[in-house]
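Asker: Sending over a structure as structure tokens; questions will come in a sec.
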């Protein structure tokens, strides 16, 4: 078994076509077929079911794929290190950003790389926590900055740089509700309420404060995966937005009664037992300062 065979196998699993894969790995189709057959013989079973021009993965193939991706990824990391890329000045960095982190950190990341590491290839992907963690597990991302309250416990991941950001119900300057000294849930229900999908922990906190009617499934009337969308609608209309304060610095927190002391909890997630991308060191160095700069005074 060779690393080259594993690369051929991973490429074929991802592209799903011998013809396309042969072109991608610069082989003739018969040569690719021999490489896969040799790997199957060594592993003692079929990795793909061949159905005419289409192929599908066998149970053995599915099991081997996850491990093969790890081996190929680690080999690539070692090659980058040997080429001197551990300085993080060149190479690639693939970051996943959840909705809130995407709004807050996308510009900071891109500006820093453009200014200090102009030859580094930075790719940013946006999505919800579940989608980004799946991409991280499949080696499509090097790290993800996400809402860790939405994570399920797993030994596959490591979390660092955990931080919290204050949030609550917010409205535009001049909103009628800002005339009230104390705002109840019934008051805000008179207006559209916008939010990103909320974790179970936040949902339980809301219902403990304001009762069953605060269940986000019933309370929220405008829902989007993008924090920027819900913040913008609050700027333009009388919509009440439930979000982190840093996402809408021009908005105003409502004086809720009972007082809401909610926070969102974020963290940088990487794949456990995987050699980190060399350029990820830059994020580890810069992230604490960025987090501090975004906290409300």
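The values are calculated or read from the model by the stated rules, or taken from the named source; none is laboratory data. Just so it is clear, the structure is predicted and the values come from calculations on it, not from any experiment. All Cβ positions, glycine included, derive from the backbone under ideal geometry; neighbour counts span all protein chains shown.
Asker: Looking at residue 75, is it surrounded by fewer than 17 Cβ atoms within 10 Å (Cβ to Cβ), in a helix (DSSP H, G or I), at pLDDT below 90 and outside the structural domain of residue 265 (by TED's automatic domain parsing)?
Answerer: Working: surrounded by fewer than 17 Cβ atoms within 10 Å (Cβ to Cβ): yes; in a helix (DSSP H, G or I): yes; at pLDDT below 90: yes; outside the structural domain of residue 265 (by TED's automatic domain parsing): yes.
Considered against the rule, which asks whether it is surrounded by fewer than 17 Cβ atoms within 10 Å (Cβ to Cβ), in a helix (DSSP H, G or I), at pLDDT below 90 and outside the structural domain of residue 265 (by TED's automatic domain parsing), residue 75 comes out as yes.
Here's the yes/no breakdown for (1) modelled with pLDDT of 95 or more; (2) under 27 Å from residue 151 (Cβ atoms); (3) crowded, with 22+ Cβ neighbours inside 10 Å:
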site: 89; (1), (2), (3): no, no, no
site: 96; (1), (2), (3): yes, yes, yes
site: 114; (1), (2), (3): no, no, no
site: 118; (1), (2), (3): no, no, no
site: 121; (1), (2), (3): no, no, no
site: 124; (1), (2), (3): yes, yes, no
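Asker: Going by the structure shown, is residue 56 at pLDDT below 90, surrounded by fewer than 17 Cβ atoms within 10 Å (Cβ to Cβ) and not in a helix (DSSP H, G or I)?
Answerer: Values: at pLDDT below 90: yes; surrounded by fewer than 17 Cβ atoms within 10 Å (Cβ to Cβ): yes; not in a helix (DSSP H, G or I): yes.
The answer is yes for residue 56.
Asker: Does segment 246-297 hold any residues that are buried (at least 17 other Cβ atoms within 10 Å of the Cβ) and free of Cβ contacts under 8 Å to residues at least 24 places away in the same chain, and which are they?
Answerer: Passing the criteria: none in range.
Asker: Out of the residues in segment 1-51 that are closer than 17 Å to residue 73 by Cβ and not in a helix (DSSP H, G or I), state the one that is nearest to the chain's Cα centre (by Cα).
Answerer: 25
Asker: While we're looking at this one, here's another question. Here is a check on your reading of the model: is residue 146 modelled with pLDDT of 90 or more and either within 10 Å of the chain's Cα centre (by Cα) or closer than 30 Å to residue 292 by Cα (or both)? Break it down stepwise before answering.
Answerer: Working: modelled with pLDDT of 90 or more: yes; either within 10 Å of the chain's Cα centre (by Cα) or closer than 30 Å to residue 292 by Cα (or both): yes.
Taking the combined requirement at face value, the residue satisfies it.
Asker: Would you check if residue 190 is closer than 20 Å to residue 151 by Cβ and free of Cβ contacts under 8 Å to residues at least 24 places away in the same chain? It would help to see each step written out before you state the result.
Answerer: Numbers: closer than 20 Å to residue 151 by Cβ: no; free of Cβ contacts under 8 Å to residues at least 24 places away in the same chain: yes.
So residue 190 fails the test.
Asker: Find the residue count for segment 263-297, including only residues that are more than 27 Å from residue 250 (Cβ to Cβ) and in a helix (DSSP H, G or I).
Answerer: 6
Asker: Which condition from (1) at pLDDT 90 or above; (2) in the same structural domain as residue 245 (by TED's automatic domain parsing) is the one that residue 153 breaks?
Answerer: (1)
Asker: Among 198, 209, 133, which is the only one that is in a loop (DSSP other than H, G, I, E, B), out of contact with any strand residue (DSSP E or B) (no Cβ under 6 Å at 6 or more places or on another chain) and either under 25 Å from residue 228 (Cα atoms) or touching a residue at least 24 places away in the same chain (Cβ under 8 Å) (or both)?
Answerer: Values: 209 fails: in a loop (DSSP other than H, G, I, E, B); 133 fails: in a loop (DSSP other than H, G, I, E, B).
Selected residue: 198, the only one of 198, 209, 133 that is in a loop (DSSP other than H, G, I, E, B), out of contact with any strand residue (DSSP E or B) (no Cβ under 6 Å at 6 or more places or on another chain) and either under 25 Å from residue 228 (Cα atoms) or touching a residue at least 24 places away in the same chain (Cβ under 8 Å) (or both).
Asker: Is there a residue being in contact with a helix residue (DSSP H, G or I) (Cβ under 6 Å, 6 or more places away or on another chain) and closer than 30 Å to residue 110 by Cα anywhere in segment 200-222?
Answerer: Checked segment 200-222: no residue is in contact with a helix residue (DSSP H, G or I) (Cβ under 6 Å, 6 or more places away or on another chain) and closer than 30 Å to residue 110 by Cα.
Asker: Then there's this: Is there a residue in segment 237-245 that is assigned to a helix (DSSP H, G or I), in contact with a strand residue (DSSP E or B) (Cβ under 8 Å, 6 or more places away or on another chain) and either in contact (Cβ under 8 Å) with a residue 12 or more places away in the chain or surrounded by fewer than 18 Cβ atoms within 10 Å (Cβ to Cβ) (or both)?
Answerer: Taking every residue of segment 237-245 in turn, at least one turns out to be assigned to a helix (DSSP H, G or I), in contact with a strand residue (DSSP E or B) (Cβ under 8 Å, 6 or more places away or on another chain) and either in contact (Cβ under 8 Å) with a residue 12 or more places away in the chain or surrounded by fewer than 18 Cβ atoms within 10 Å (Cβ to Cβ) (or both).
Asker: Just give me the residues in segment 33-53 being at pLDDT 90 or above and in contact with a strand residue (DSSP E or B) (Cβ under 9 Å, 6 or more places away or on another chain), in sequence order.
Answerer: Selection gives 36, 40, 47, 48.
Asker: I'd like the residue in segment 188-227 that is crowded, with 19+ Cβ neighbours inside 10 Å and within 22 Å of the chain's Cα centre (by Cα) and, out of all such residues, is nearest to residue 261 (Cα to Cα).
Answerer: Selected residue: 202.
One line per residue, one yes/no per condition, for (1) farther than 22 Å from residue 273 by Cα; (2) touching a residue at least 40 places away in the same chain (Cβ under 8 Å); (3) surrounded by fewer than 18 Cβ atoms within 10 Å (Cβ to Cβ):
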residue	(1), (2), (3)
7	no, yes, yes
19	yes, no, yes
25	yes, no, yes
29	yes, no, yes
45	yes, no, yes
68	no, yes, no
